[in-house]
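To start, the structure itself, in structure tokens.
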Amino acid sequence: MGRVFGRHRSMIDVATEQGNQSLPITAGMPDLTVGDWVVLDSEGRFHQALERLSLFSRKAPGTKVVAQLIAANVDTLFVVSSLNEDLNLNRIERYLALSAEAGVESVVVLTKVDLCDDPTAYISQVQSLDPLLSVEVVNGLDADSVNSLEPWCRTGKTIALLGSSGVGKSTLVNTLLGNSVQTTASIRQDDGKGRHTTTMRSLHFMPAGGILLDTPGMRELQLFDCEQGVKETFADINKLAKSCRFSDCQHDNEPGCAVQAAIQAGSLEARRLVSYLKLMREQALNSASLAEKRARDRELGRFYRSTQKASRKLKKGC
């Protein structure tokens, strides 16, 4: 038995009781990602993958409509953002939808509190997304400050970190692990944006007993097959929508729209509705495109098999 702790172009790194080893990726393997549990045979070769308890995935960057696996078997997602101009509620909602779809607990971790004059304003913005959302404020350089995350990092738990480049993820990882396993870089002072330092997904063992999965900063995180996750993240809008006059209300200019009424009354931010509609359109478009690609692939596979069968018959006839 082993757990995948690294994924490369042609190899996977697996941690076992006997030590770490690298296995070649073969045609018979399923698509594995960091966090997967695998069974090895007596000679240390891949035998099978165990069923996943949770899975994070996204549409792969670029124009190709393919899924890209991010992490598997995660218990808690730390959504990392910094207490500066880079804090983006729309981006946080995107991560929360991904986590909700995977059925994983989310904790928003706001870093760089030591550089922020008024963290309360930022905290209020994030907490407004969901009153029950766990929000922790830390100085990633201070071990005592980071101790507030310890309850999620205990033995038997796997933590994943997601966040854009430069929000302090690598610094936070180093402090959680008690050593410098990830390089760090300062933010650009002109716009508060960060520099990308982590380049691959990796698993690390924490002093508290848990396992930490670090991921590269993601400039692009497009959703697909995530309708339920989006609806859970925007549960307030979906609750209001049930009171709309029309069941197919688009929450635009329709009469009797409870969502628009809430915006007019000041109980719902217009920004939040725009974010919800954007994510729903995005995941619907990507999901449809991916389904079409899979259908084409199946049809092409059937064509190849029928061609090979006809070719074999032709050879026998000769």
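Could you say whether any residue in the stretch 89-99 is free of Cβ contacts under 8 Å to residues at least 12 places away in the same chain and either touching a Ser or Thr at 6+ places or on another chain (Cβ under 6 Å) or surrounded by fewer than 18 Cβ atoms within 10 Å (Cβ to Cβ) (or both)?
Of all residues in the stretch 89-99, those free of Cβ contacts under 8 Å to residues at least 12 places away in the same chain come to none.
The answer is no; no qualifying residue exists.
Please find, within the stretch 1-36, the residue that is modelled with the highest pLDDT out of those that are closer than 17 Å to LEU212 by Cβ, assigned to a strand (DSSP E or B) and among the hydrophobic types (A, V, I, L, M, F, W, C).
Only one residue tops the list, namely VAL4.
Quick one: in the stretch 70-83, of everything that is part of a loop (DSSP other than H, G, I, E, B) and buried (at least 19 other Cβ atoms within 10 Å of the Cβ), which residue is nearest to the chain's Cα centre (by Cα)?
So the residue we want is VAL74.
Condition check ((1) in the same structural domain as ASN73 (by TED's automatic domain parsing); (2) charged (D, E, K, R); (3) at pLDDT below 50) across all residues:
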residue	(1), (2), (3)
SER186	yes, no, yes
ASP190	yes, yes, yes
LEU203	yes, no, no
GLY210	yes, no, no
GLY229	no, no, no
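Quick check: is even one residue across the stretch 225-232 free of Cβ contacts under 8 Å to residues at least 60 places away in the same chain, out of contact with any Asp or Glu (no Cβ under 6 Å at 6 or more places or on another chain) and of a type outside the set (Gly, Ala, Ser)?
yes
Tally the residues that are free of Cβ contacts under 8 Å to residues at least 24 places away in the same chain and either touching a helix residue (DSSP H, G or I) at 6+ places or on another chain (Cβ under 8 Å) or basic (Lys, Arg) (or both), restricting the search to the stretch 262-277.
Here the count works out to 3.
When you scan the stretch 119-136, do you find a residue that is within 27 Å of GLY6 (Cβ to Cβ) and touching a Ser or Thr at 6+ places or on another chain (Cβ under 9 Å), even just one? If you could, list the steps in order and put the result at the bottom.
Initially, the stretch 119-136 is screened for residues within 27 Å of GLY6 (Cβ to Cβ), giving none.
No: the stretch 119-136 contains no residue that is within 27 Å of GLY6 (Cβ to Cβ) and touching a Ser or Thr at 6+ places or on another chain (Cβ under 9 Å).
Test of understanding: among ASP36, ASP13, which residue is within 26 Å of LEU172 (Cβ to Cβ), free of Cβ contacts under 8 Å to residues at least 12 places away in the same chain and out of contact with any helix residue (DSSP H, G or I) (no Cβ under 6 Å at 6 or more places or on another chain)?
ASP13 is the lone residue from the list that is within 26 Å of LEU172 (Cβ to Cβ), free of Cβ contacts under 8 Å to residues at least 12 places away in the same chain and out of contact with any helix residue (DSSP H, G or I) (no Cβ under 6 Å at 6 or more places or on another chain).
The values are calculated or read from the model by the stated rules, or taken from the named source; none is laboratory data. As the structure is a computational prediction, the values presented were derived from the model and not from experiment. Neighbour counts run over all protein chains shown; Cβ positions are idealised from the backbone, glycine included.
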